[in-house]
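As structure tokens, the structure follows; a few thoughts come after it.
Coordinate-derived values only; no laboratory data. Every value quoted in this text rests on a predicted model; they were computed, and no experiment measured them. FYI the Cβ positions are ideal-geometry reconstructions off the backbone, even for glycines, and counts take in every protein chain you see.
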Amino acid sequence: MTRTRTLLLALLLLAAAPQAAAAACLSPDQQRQAVQSGAAVRPATVQGQVQGELLRLDLCDQGGRLVYVATVLMPGGQVERVTFDARSGARQ
């Protein structure tokens, strides 16, 4: 499977994901406020830890704490969701 086809498949899978999961994610303005207030590290901190091609990065409220949810295209072609603590940037 070519890289382009793999990427398209990954994007289609993301589009088909339940919308309920997105409901807990912050808007761009809320994300900016969280970073400015120190409640979350800058997205670049998390991006630097991703092993693969970052397809999407969301800042979400998970049980009352902020987490970054990264959707990553791994070198082998599989798509994975990886969670990071938003305050420290540590992988969960």
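Structure notes:
- Elements of type strands (runs of 3 or more DSSP E) contained in the stretch 31-92, each with 3 or more residues being of a type in the set (Val, Ile, Thr) and under 13 Å from the mean Cα position of the chain (by Cα): 65-73, 79-85
- Qualifying residues in the stretch 61-92 (those that are farther than 13 Å from Leu26 by Cα and without any contact (Cβ under 8 Å) to a residue 12 or more places away in the chain) - the one surrounded by the fewest Cβ atoms within 10 Å (Cβ to Cβ): Gly63
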